[in-house]
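Novice: Here's a structure for you.
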Amino acid sequence: MSLHGDDPYDLGHTVAGWTGTALAALGSGGCALGVITASGPLIWGGAGVLVLALCATWALHLAGWGKASGPRPVEQWDWRVRDPDARNGHPGCLGCRLAGRPGASRRHRQPGVVAPRSAGAAEHPVGEPRAAA
């Protein structure tokens, strides 16, 4: 049983998500306090914490403490479970593409299925070469 009961939804709670959210809240608060008090150092400090939030979330995602888009299997719904597919990259994930992960191409791939490639031939959207006209 999860904190939210027996919901049939994967709410996406992850270590990367919670860490990034907490740091972003602190950074936003620092920026807001800097604006209220007209303090440049507080504004820049808050902005620095926001950059730290971005980097920490990305690093944790790449380390397997995030999740791919879409629902996960029920046994991976707990926020303390590492993502077993993070090493290869998540299909369509910008963060994984920026890190150069091999499985993070723009098109969706099924796990374990490699699309056939032929030199110079255009591919059908499903990954199969088109028949010659």
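The values are calculated or read from the model by the stated rules, or taken from the named source; none is laboratory data. Keep in mind it's a predicted model, so treat the numbers as computed, not measured. A quick note on method: Cβ atoms are made from the backbone with ideal geometry, for glycine too, and the neighbour counts reach across all protein chains shown. Protein only, heavy atoms only, side chains kept; ligands, DNA and RNA dropped before computing areas. Shrake-Rupley method; radii C 1.70, N 1.55, O 1.52, S 1.80 Å.
Novice: Please enumerate the residues belonging to region 45-68 that are among the small types (Gly, Ala, Ser) and not in a helix (DSSP H, G or I).
Specialist: 66, 68
Novice: Within region 32-91, track down each residue that is aliphatic (A, V, I, L, M), open to solvent by less than 40 Å² (accessible area, probe 1.4 Å) and closer than 19 Å to residue 21 by Cα.
Specialist: 47, 53, 56, 62, 68
Novice: Any residue in region 30-44 that is outside any loop (DSSP other than H, G, I, E, B) and within 16 Å of residue 13 (Cβ to Cβ)?
Specialist: Scanning region 30-44 turns up no residue that is outside any loop (DSSP other than H, G, I, E, B) and within 16 Å of residue 13 (Cβ to Cβ).
Novice: Which one of these does residue 37 not meet: (1) of a type in the set (S, T, N, Q); (2) in contact with a Ser or Thr (Cβ under 7 Å, 6 or more places away or on another chain); (3) at pLDDT 95 or above?
Specialist: Exception for residue 37: condition (2).
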